[in-house]
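So the structure is just underneath, and the comments pick up after that.
The values are calculated or read from the model by the stated rules, or taken from the named source; none is laboratory data. As the structure is a prediction and not an experimental result, all values here were calculated from the model. Cβ placement follows ideal geometry from the backbone for every residue including glycine, while neighbour counts extend to all protein chains displayed. When the accessible area is computed, the model is the full protein with side chains, heavy atoms only, and any ligands, DNA or RNA have been set aside. Shrake-Rupley method; radii C 1.70, N 1.55, O 1.52, S 1.80 Å.
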Amino acid sequence: MPNGFPLEQCCAVITGASSGLGAEFARQLAPRAEVLVLVARRAEALEGVKRELSGTRTKVLCCVSDLATDAGRSDLVAFLGANGVKPNLIINNAGMGDYGSFASSSTEKTRMQIELNITALTMLTHAVLPLLQRPGGILNVSSLASTLPMPELAVYAASKAYVTSFSEALAIELAPKGITVSCVCPGPTPTNFSKTAKRTDGGDTNRDGQGLLRIPPSQVVHEALGALQAGRPCVFPGWGVAIVSRVFRLMPRGIMRWLLKRRAGKE
Ligand SMILES: NC(=O)c1ccc[n+]([C@@H]2O[C@H](COP(=O)([O-])OP(=O)(O)OC[C@H]3O[C@@H](n4cnc5c(N)ncnc54)[C@H](OP(=O)(O)O)[C@@H]3O)[C@@H](O)[C@H]2O)c1
């Protein structure tokens, strides 16, 4: 197994870098990185993050691209080539959720979740792998939601179960090639995530009561980068999330179903 990914002088591609965890990855990497490529759809928000980093000596490039489309993903790969970027780290962070029942979900939002959370993460990793310099790193942003089926967040939780499983498999496959793969599974974190996941028709689920598990983006990112550096395949940031994830993963399936049904019955 590789010993971990050294962050010093890295050349990193960060998807979903215009807000939340992605912007925080850029902030924490900037003092150490050589080059950062920030990717998202909102040009102005990306430029805002770039301006924040202007005090560092890191070269920051912004790539405006809709990663939920084949064209957007190809544009990013072409952007790297056109700018002579030779990445040795990709942080697959862009992702979104949808609060509410599957039956009443919009086809468009469901498709976008699968395209972004699963297809973009997989196909970008595939496209960047041949370009990845050594030592190389891949950091995938999954979720605590990956550890259990979640009624009223069903597609999101299933998509993140994919991310965790895929990452753990790649960690073993790519270790002999000098590439460290880590996956971070945050619990509830204050970002724009909830705003995007909420439904405009008010048909979403009340997600209050998660306060005990909430930790700031800075801590999530700090622990994620620490795991990548140490060569740990999976990290659950924050002690609360770490304990809860352990309970979820060890819980017999029958008990889990009973608890999930009880919770659904209360809403
Ligand atoms: N916050 C939480 O509670 C939490 C918990 C567990 C896991 N996560 C995961 O953390 C990751 C980051 O989310 P966040 O919490 O930081 O939420 P966020 O603030 O909403 O950030 C999402 C980022 O993804 C980008 N994005 C969305 N759709 C895109 C598209 N089609 N193409 C390119 N970029 C796109 C957004 O930028 P544009 O809108 O500019 O495109 C934004 O930069 C996600 O994978 C999420 O599932 C979050």
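Among the residues making up the range 184-201, those that are open to solvent by less than 20 Å² (accessible area, probe 1.4 Å), in contact (Cβ under 8 Å) with a residue 60 or more places away in the chain and in a loop (DSSP other than H, G, I, E, B) are Cys185, Pro186.
Based on what the data block shows, is Thr180 over 14 Å from Gly100 (Cα atoms), more than 8 Å from the ligand (Cβ to nearest atom), among the β-branched types (Val, Ile, Thr) and open to solvent by less than 60 Å² (accessible area, probe 1.4 Å)? Quick ask: steps written out before the conclusion?
Details: over 14 Å from Gly100 (Cα atoms): yes; more than 8 Å from the ligand (Cβ to nearest atom): yes; among the β-branched types (Val, Ile, Thr): yes; open to solvent by less than 60 Å² (accessible area, probe 1.4 Å): yes.
When the stated conditions are applied, Thr180 passes them.
Within the range 135-152, the presence of a residue that is among the charged types (D, E, K, R) and within 12 Å of the ligand (Cβ to nearest atom) is excluded.
Listed conditions (1) open to solvent by less than 30 Å² (accessible area, probe 1.4 Å); (2) within 11 Å of the ligand (Cβ to nearest atom) are all met by Glu115, apart from (1).
Cβ-Cβ distances below 7 Å connect the following pairs, each with a first residue in the range 89-100 that is part of a loop (DSSP other than H, G, I, E, B), a second residue that is aromatic (Phe, Trp, Tyr), and a separation of six or more residues or different chains: Asn93/Phe25; Gly97/Tyr156; Gly97/Phe193; Asp98/Tyr156. With respect to the conditions (1) charged (D, E, K, R); (2) in contact with a Cys (Cβ under 7 Å, 6 or more places away or on another chain); (3) not in a helix (DSSP H, G or I), Glu168 falls short on a single one, namely (3).
Please tell me if Arg232 is of a type in the set (D, E, K, R), more than 13 Å from the ligand (Cβ to nearest atom), modelled with pLDDT of 95 or more and more than 27 Å from Met112 (Cα to Cα). Outline the logic, then answer.
On the way: of a type in the set (D, E, K, R): yes; more than 13 Å from the ligand (Cβ to nearest atom): yes; modelled with pLDDT of 95 or more: yes; more than 27 Å from Met112 (Cα to Cα): yes.
When the stated conditions are applied, Arg232 passes them.
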